[in-house]
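Read the structure below first, then the notes.
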Amino acid sequence: MSGRTVPSQETMRAALALACRAPSVHNSQPWRWKLAEHSAHLHLDRSRLLPTIDPTGREMVISCGAALNHARIAFAAEGWLARVHRLPNPAQPEHLASIEFSELSEVDPHVEALAAAAAERRSDRRPFLTDQVPQEVLAPLREVAGLESCTLTFALADRDRREVELALEHAGSVQRRQPEYQQELAAWSGRHASAEGVPARSIPAEHLRGMPERDFSLVAEGELPVPILDDGAVLAVLSTRGDTFDDWLAAGEALSAVLLSATEQRLATCTLSQIGEVAEARNEVRAEVLGGSGNPQLVIRIGWPVTHEFPGPLTPRRPLSEVVEPLFPGD
């Protein structure tokens, strides 16, 4: 141990850069890190709100929760325990977490593997292979979600899978009838040479087998039916006990944990948040898949990737100078 009480500037940069590799709604990256002398603070950046898709800011908080979990892993891989105080000031709900540090005597190799997964993970919007994912591979994903006080429910039975598909189709149908939704989706997708939004290269040119993904390619062309899934993807519902800021933050941390565990096992993943955006779809999943309890936050597609170009194209991120303040005195 070095005897330091806080990470060095180099370590802080590396850890926060990895934290910012977290997924976010339409790659909006709605987080802002503020650094104090002995701590780091995660804040919600409401200037990046998507008012039609996410009017309550629920998905922004989930996105920030994913960044928080990424940060915990990143600092641990650099030899620092991140002691997190969530929502430390009830009067400031946008102050999502404060982190204090203590140096670790050694680094857990599994944490290093998760940090490597964070650098490698991508949202894969392509069809997956038809090969089924074994139960023993899925079990660790359920476990890590539980460690973050969330529940991951796999829609393995044909009936449950179809109910999730129907909910996604319904949500997509409702949203495509909203001109403001199409405009917002178009503004945040198909971008070129941009550090935010969903880049054009990450959107499949065609739906080869059909995925319940957002219909990026049809934003300006009116409503077309959402294709039915027929690849080997597992549909997993991530849910929380309550539906408050605390629960949304926990959902983001669980999402990060699930995605990184899946990536570590060489699985491809894609997050589908539509069910949380349309009340009828959310209620349908709660009633028909979760047995009437819990609050569905999102669905995760999990499967074996296509055999080439894995893990897929890298989605850009904004530079640290735009999301961290002050970066370091004198920089």
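The values are calculated or read from the model by the stated rules, or taken from the named source; none is laboratory data. Just so you know, these numbers come straight off a predicted model, no measurement behind them. No Cβ is skipped: glycine too gets one built from the backbone with ideal geometry, and neighbour counts run over all protein chains shown.
Descriptive notes on the structure:
- Restricting attention to the range 128-147, the residues that are in contact with a strand residue (DSSP E or B) (Cβ under 8 Å, 6 or more places away or on another chain), surrounded by 15 or more Cβ atoms within 10 Å (Cβ to Cβ) and part of a helix (DSSP H, G or I) total 4.
- Residue within the range 31-43 that is surrounded by fewer than 16 Cβ atoms within 10 Å (Cβ to Cβ) and among the aliphatic types (A, V, I, L, M) present: yes
- Lone qualifier among GLU264, GLU280 - being farther than 29 Å from ALA115 by Cα and surrounded by fewer than 23 Cβ atoms within 10 Å (Cβ to Cβ): GLU280
- Residue in the range 262-282 that is part of a helix (DSSP H, G or I), over 18 Å from the mean Cα position of the chain (by Cα), of a type in the set (Val, Ile, Thr) and not assigned by TED's automatic domain parsing to the domain that holds ALA115 present: no
- Of the criteria (1) in contact with a strand residue (DSSP E or B) (Cβ under 7 Å, 6 or more places away or on another chain); (2) outside the structural domain of ASP45 (by TED's automatic domain parsing), which one PHE101 fails: (2)
- Considering only residues in the range 66-95 that are more than 21 Å from GLU264 (Cβ to Cβ) and within 21 Å of the chain's Cα centre (by Cα), the one that is modelled with the lowest pLDDT turns out to be PRO93.
- For LEU235, the stated conditions hold: it is surrounded by 21 or more Cβ atoms within 10 Å (Cβ to Cβ), assigned to a strand (DSSP E or B), touching a helix residue (DSSP H, G or I) at 6+ places or on another chain (Cβ under 9 Å) and modelled with pLDDT of 95 or more.
- Filter pass, ALA117 being modelled with pLDDT of 95 or more, buried (at least 19 other Cβ atoms within 10 Å of the Cβ) and outside the structural domain of GLN265 (by TED's automatic domain parsing): yes
- Test: residue in the range 159-169 that is outside any strand (DSSP E or B), modelled with pLDDT under 90 and either more than 16 Å from HIS26 (Cβ to Cβ) or not aromatic (Phe, Trp, Tyr) (or both): no
- Just one of the listed residues (PRO212, PRO204) is buried (at least 17 other Cβ atoms within 10 Å of the Cβ), assigned by TED's automatic domain parsing to the domain that holds ILE275 and modelled with pLDDT under 85, namely PRO212.
- Filtering the range 267-277 to residues that are touching a Lys or Arg at 6+ places or on another chain (Cβ under 6 Å) and either surrounded by fewer than 23 Cβ atoms within 10 Å (Cβ to Cβ) or among the polar types (S, T, N, Q) (or both) leaves only CYS270.
- No other residue among LEU44, LEU18 is under 16 Å from the mean Cα position of the chain (by Cα) and under 20 Å from ALA119 (Cβ atoms) apart from LEU18.
- Only one of SER63, SER28, SER98, SER47 that is closer than 25 Å to THR271 by Cβ, touching a Pro at 6+ places or on another chain (Cβ under 9 Å) and crowded, with 16+ Cβ neighbours inside 10 Å: SER63
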